[in-house]
Amino acid sequence: MDSNELETNAIIVHDEATATATGSVPPEEGGEGPIEEDEPDDEDPRERDAFDIEKAVLEFVDEPSIVHDEYPDSSSDEDDEARRVRKRNNIRKVDGTLYYHQTFFNAIAFKEAVLGHALKTGCNIAQYRYDKTKIGFRCAGDGCIWRIYCAITKKCRRWRVNKYIDKHTCNPNGDCEMLKVLVISRLFLDQIREEPEYFMPMKIEQTIKAKWKITVSRPQCQAARNKALRWIEKEYDEQFARLQDYAAEIRESNQDSTVEVVTVTNDAGEEVFNSFYVCFDVLKRTWKDSCRPLIGLDGTFIKGKVKGQLLVALGRDSDNAIYPIAWGCVQVENIVNWLWFVRKMKADLGLMDGDGYIIISDRQKGLIRAVELELPKAEHRMCVRHIYSNLKKSHGKDKEMKKYVWDIAWSYNEKDFEANMIKLQNYSEIVWRDVVKSKPRTWCRAFYKQGNFCEDVENNSVESFNNSILKARDKAFVPMLETIRRLAMVRIAKRSAESHDHNGRCTPYVSKFLAKEIEKASECQIRRSTNDSYEATLSGVSHRVSLTERTCTCQKWQICGIPCEHAYGVMIDRKFEVEDYVCFWFRTPMWRRNYTEGLVPQRGPAYWPSTNLPNVHRPPSPPQPGRKKGKESKKDKKRKKGPNESPSKKSSKKLKRIMHCGMCGEAGHNSRFHSKKKSTKQTFEPQIAQGTQGTQVEPWMHF
C-alpha cells in the first residue's frame with residue numbers, strides 16, 4: 001500500500017484500486033488537452049434545480065421586524081456605479097466546509113462543498129471516483145495525502161462522508177483540475193446572465209486569478225462563457241413548458257388556492273406566456289383573520305434572460321414583520337398589468353371598494369391608477385423612500401435634506417408637521433418647493449386615518465422581501481416561483497416555533513418599541529386630573545393623556561397602537577402595567593394565530609400532475625424602462641450632452657499644420673520622405689520626355 005494511504009487520525013483512506021476494479025477510471029493526468037465547448041453536462045438538471053432551491057432555503061435568514069423612526073442607511077445614497085462594481089465582485093459563494101460523517105442533500109451538494117474547499121485553499125483537487133452512489137476526491141499535489149470519500153450506504157441512505165483526511169502536504173501552485181469548463185460556467189452563470197458584455201473571457205480569467213489565486217486558460221474561459229450563454233438560452237424554454245403542471249401541483253397540494261397562468265396565442269398558434277398569479281388559501285385566510293388591514297404593493301425586476309416584473313402583495317404580522325399574501329409575474333409594469341393583479345388580489349381578500357384598508361406603494365403611475373379604479377375608498381399612502389429618491393435626482397449633492405424630509409414624514413400631528421415644514425423652508429427654499437409639489441399630506445402620519453394602528457410611511461416591508469428573494473430572482477422561471485413558495489413555507493414554520501415559544505404578553509416588537517421610549521417617559525412630569533386624565537410635560541411641552549380612552553394629544557398612541565412616551569410616563573408614575581394598554585394586534589395570542597397554519601409541502605417536478613395542456617412558450621423580450629441594451633445605432637453611441645451644453649453648437653475647427661520639407665522647402669512632405677519624393681519625380685519625368693520625343697502629339701492632347 002502507498003505511504004499516502006496509511007491510516008490517519010483513525011480515518012481509513014479510500015483505496016484507489018477499488019475504483020479501477022469497479023470500472024471508475026480517473027481522468028488522464030498531465031496536459032490541459034483540447035477545450036470541448038460541447039462537453040456534455042454530467043448532472044441531471046432537475047437535481048441541480050433541487051440543490052439550488054435547497055441551498056437558497058438553507059441560506060435564508062428571516063426578515064427582522066420593521067423598525068420605524070430610523071433614518072435610512074447611507075447605502076441608499078450609493079451611486080449606481082459603486083453599486084454595479086460591488087455587484088460584479090459578488091461572485092457565487094461556496095462554503096467549502098468539510099468534516100467526517102458530514103451528510104449532503106445529494107451528490108451535487110457534495111461536489112459543491114469540495115469545490116468550495118478547492119477555491120478556499122487553492123489546492124489542486126481532482127476527482128478519482130465517479131460511481132452513481134460513490135464519489136471520491138484527492139489532492140493531485142506532489143505527495144499530498146488529502147482525501148475525501150462520500151457515498152450512499154445501507155446504513156445511511158443519504159450522501160455521507162465516510163473517509164476524510166483533512167491535511168494538505170503540498171503548496172498551491174495555481175493549478176486546479178477541478179476548475180473545468182462546466183465548473184467555471186456555473187460559477188459565473190449569474191454574472192453572465194446579468195452582464196454578458198462585461199464578463200468576457202479575459203475578465204473571467206482575471207477574476208479567477210485575483211479571487212482564488214488559480215490560473216485558467218483563455219480558451220477555457222471562452223468555452224465556459226459560451227456554455228453559460230447556451231444554458232441561459234435553453235433553460236427558459238424547458239421551464240416554461242412545465243408551467244401549467246406546476247400550477248396544477250399547487251391546486252392539488254394547497255386546495256382552494258388561486259393560481260392563474262395567462263397566455264396569448266401568437267401567429268404560429270403557440271401559447272405564449274403573458275402573466276402568472278398565485279395566492280395560497282392559507283395565506284389569504286390568515287391575513288383576513290389575524291393581520292392588520294395593511295397591504296404593501298411593489299414590483300421588482302426578474303433578473304433572468306426572460307425579462308419581466310415580479311409583483312408582490314405583503315401584509316404585516318403582530319410582530320410587525322412581513323407576511324406574504326400574493327405574488328405574480330408580468331412582462332412589464334404598467335396600468336393594465338397592475339389592474340389585473342389588484343383585481344385578482346381584491347377578489348381573494350374580499351377588499352370590496354377598499355374602505356378601511358391601507359395601501360402603501362411607490363409612485364408608479366400604473367399602480368396608483370389601478371388602486372384608484374379598483375379600491376377607490378382605500379387609504380393610499382406614498383412611500384417616503386421613493387419620494388426622497390426622486391428628490392435626490394434634483395438635489396443629489398445635498399446630504400442634509402434627508403433628515404428634514406423624514407422628520408416631516410414622521411410628524412404625528414399637524415402642529416409638528418407645520419413646524420418641520422418651516423424648518424425645511426428655512427434650510428432650503430428650493431427643496432421645500434419640490435417637497436410641496438409631492439403632496440406631503442399623502443405621506444405624513446399626521447393625516448393618516450386612525451384606528452388601523454399602522455404608522456408606516458415607507459414600503460420597507462416589500463423592500464425587505466425583495467432582498468430576501470434576491471437569489472430566487474436569478475433562477476429560471478419555475479425554479480424562481482418554487483423558491484419563493486418554499487421560502488414562504490420555511491418563514492412561516494420558523495415564526496410558528498418562535499411565536500409559540502414566546503412567553504411575554506406582547507410580541508418582541510413591542511419591547512423594542514417601548515425600550516426606545518422609556519428614557520423620555522421617565523423624564524415626563526405628570527399631573528393628575530379627574531376622569532383618569534393626566535397632563536404630561538416633556539421638554540417644556542405638555543400633552544393631555546387619557547388612559548380610559550387610550551389617547552394622547554400628540555396622536556402617537558392612536559396611530560401606533562402602543563403607548564407613546566407621554567402615556568408611558570403616566571404608567572411609570574402610577575406603576576401601571578404598560579402591556580395592559582397595548583393594542584390587541586400586538587399581543588402574543590394574535591401572533592400565534594398568524595402562524596398556526598402553514599403551506600402544504602409540494603412534490604418534486606417528477607411527480608407533478610400532467611395537465612395535457614399546450615406547452616407554454618417563452619415570450620419575446622418586452623420593452624423595459626431605462627437605457628436600451630443590445631445593438632446601438634451610431635446616433636445612440638454619441639455622447640449625451642449635459643444640461644448646460646448647446647445641443648447644436650459645434651466646436652470650432654482648428655487650423656491644420658502644413659508640413660514642409662527641410663531640404664527642398666516644398667509642402668506635402670518632410671525631410672524623411674524627401675528622397676522618395678525626388679526619386680518618384682525623377683522616374684516620372686524621363687518617361688514623359690521619352691514619350692514626347694518618339695510620338696507626335698496632337699494639339700488637343702495639351703488640354
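What follows draws every value from the coordinates through simple rules; no lab data is involved. Nothing here was measured: the structure is a model prediction, and the numbers come from that model. Note: ideal-geometry Cβ built from the backbone for every residue, glycine included; neighbour counts use all protein chains shown.
Tabulated results
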read-out	value
Whole-Hz ³J(HN,Hα) from phi, Karplus 6.51 cos²θ - 1.76 cosθ + 1.60, for region 413-426, glycine and proline x	9, 5, 5, 5, 4, 5, 5, 6, 5, 5, 4, 5, 5, 5
Subset of Lys132/Lys155; Lys180/Lys471; Lys439/Lys556 violating a 19 Å alpha-carbon distance limit	Lys180/Lys471; Lys439/Lys556
Unsatisfied cross-links (Cα-Cα over 24 Å) in the set Lys494/Lys520; Lys415/Lys520; Lys209/Lys303; Lys399/Lys437	Lys494/Lys520; Lys209/Lys303
Virtual paramagnetic centre 7 Å along Cα→Cβ of Lys209, amide N under 20 Å, in region 143-176	172-176
Nitroxide proxy distance, nm - points 7 Å out along Cα→Cβ at Glu498 and Ser394	4.0 nm
Spatial separation of Cα centroids for region 270-348 and region 409-435, in angstrom	34 Å
Distance cut-off 14 Å, percentage of C-alpha pairs in region 388-447 lying past it	49 percent
Under-5 Å amide H pairs with Gly308, H placed in peptide plane, nonlocal only	Ile302
Where N is the number of residues in region 469-586, Cα Rg divided by 2.2 N^0.38 Å	1.52
D_trans [Stokes-Einstein, Kirkwood Rh over alpha-carbon pairs] for region 550-623, 20 °C, 1.002 mPa s, µm² s⁻¹	120 µm²/s
